[in-house]
Amino acid sequence: MKNNKKSPSRILIIVTLMAFIAGICFTLNNIPLQNINSTTFYEVLYKDDMLTGFHSFLYRLLGKNEINNFSVVRDKDGYLYHANFWNNTDISMKDAAQKIRALQDIFRNEETGEVGTKVVVLMFPSKYDKQRSRGYEGLPYPDMNEYADDLLQYLRRYSVDYIDYRKWLKDSGRSSADMFYLSDSHWKVNTAFYATVYLAEYIKYRYGLDLDPDHIYLNSDNYLRTLYEELFYGDYALKTERYHTKADSYELIIPGFDTDFSTVSESPGGRIVREQGLFSEVLTTRRYINEKNEYEKEVYKTYLGSLHARFHIENLLNPEGPKFLFMWNVWSPEVAAFTSSMAGTVDSLNIEYMDDARIKKELSENTYDYIFIGLHPDSLDIKHFPYDFKTKERQDNNE
């Protein structure tokens, strides 16, 4: 008697074929009807990168929440993260804290003990947080928060001021949907705006400097907002394709009040560009918003162009205002941009393109009222602490 049962291999082939056809149908369904007649099958595969996207689509069909050999992992709410099996670093948090304390000490008057330039560390939040994120058991999510906690503990020991934005977000009750993109590592522009508000409020409370006495720059109603629905796929989506996530929306926020800035930007390659104009003209760009390829819309570069070695901003409407320096990897350029409306001068140094000599040169040639050292739990490695100041107050590593 003939056995009519299909073998497991035949079943797998059928399922794979069905998934491939479904993927093609999904792609065709997203092409405007008026273009169907002029769109060949080859163009469908090429334009939408179907041959690569099918791999991701099949993963979704099989219910897998990791892709590209654990390059990217997904949580239960659809958020993507870079996978990290090790969650370790190449610098001790004690040494990192001592480096920051030594930098702070160069602004200390040896006779009076008073500190001229204030140094404040900004600990930005990681997208993944085991207390907030709903991850799948066994997947290697990036979680460096224990190192961040350790660093802040040492900063307290060495009397270095800091703002822990992780605690701020937790206390605010904001969800991941309010704060972060599905397919990108950065937080949303609206979150960055309110982080700037919190920074200004902290400076007023801690140091008595009121950056907005007339309640103009910290008032959300005084800003123009444009929401671009389902605009882009972020950096994680480049490794997963569209079938593993949804397109993210993007909100552009610019001042509705008068602005006039003079800027000097230096690219990592040394190219200098000088501009003058409104906030919307010199502190933001529409290049990435207008990019046609949704996978190349690097909207995190919208403010300050993001990818710079140094960005200098002079507020021509407030030339006598305080002078701020941000030393960081430019994880949130929006914060520096929004702060510039309340300052006289704002400088941004991208620490990833700086060495010890360049940083010492910048600090010797410029005077600042506040230096903000921006850090992120995922960037607590030695390359983000390239400076090494030798001062009398430097703590001994063996202490």
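Which residues, counting only those in region 239-272, are surrounded by fewer than 19 Cβ atoms within 10 Å (Cβ to Cβ) and on the phi > 0 side of the Ramachandran plot?
Within region 239-272, just G270 meets the criteria.
Would you confirm, using the coordinates I've provided, whether F311 is over 22 Å from G116 (Cβ atoms), of a type outside the set (G, A, S) and in a strand (DSSP E or B)?
Taking the combined requirement at face value, the residue satisfies it.
Consider region 114-137. How many of its residues are in a strand (DSSP E or B) and surrounded by fewer than 17 Cβ atoms within 10 Å (Cβ to Cβ)?
The qualifying residues number 1.
Return the residues of region 287-339 that are of a type in the set (G, A, S) and either at pLDDT below 95 or in contact with a Cys (Cβ under 8 Å, 6 or more places away or on another chain) (or both); say none if nothing qualifies.
G305, S306
Could you tell me which numbered condition H215 fails, if it satisfies all but one of (1) in a loop (DSSP other than H, G, I, E, B); (2) within 18 Å of the chain's Cα centre (by Cα)?
Against the list (1) in a loop (DSSP other than H, G, I, E, B); (2) within 18 Å of the chain's Cα centre (by Cα), H215 comes up short only on (2).
With D210, D235 as the choices, which residue is of a type in the set (D, E), part of a loop (DSSP other than H, G, I, E, B) and within 15 Å of the chain's Cα centre (by Cα)?
One residue alone meets the criteria, D235.
Only one of (1) within 21 Å of the chain's Cα centre (by Cα); (2) touching a residue at least 24 places away in the same chain (Cβ under 8 Å); (3) exposed (fewer than 13 other Cβ atoms within 10 Å of the Cβ); (4) in a strand (DSSP E or B) is not met by E230, so which one is it?
Every listed condition holds for E230 apart from (2).
How many residues are over 25 Å from A97 (Cβ atoms) and crowded, with 17+ Cβ neighbours inside 10 Å if we restrict to region 159-184?
The number of residues fulfilling the criteria is 8.
So for region 163-174 (the condition being assigned to a strand (DSSP E or B), farther than 24 Å from R74 by Cα and modelled with pLDDT of 95 or more), does at least one residue qualify?
Yes, region 163-174 contains a residue that is assigned to a strand (DSSP E or B), farther than 24 Å from R74 by Cα and modelled with pLDDT of 95 or more.
The values are calculated or read from the model by the stated rules, or taken from the named source; none is laboratory data. All of these numbers come straight from a predicted model, not from anything done at the bench. With ideal geometry, Cβ positions are generated from the backbone for all residues, glycine too; neighbour counts draw on all protein chains shown.
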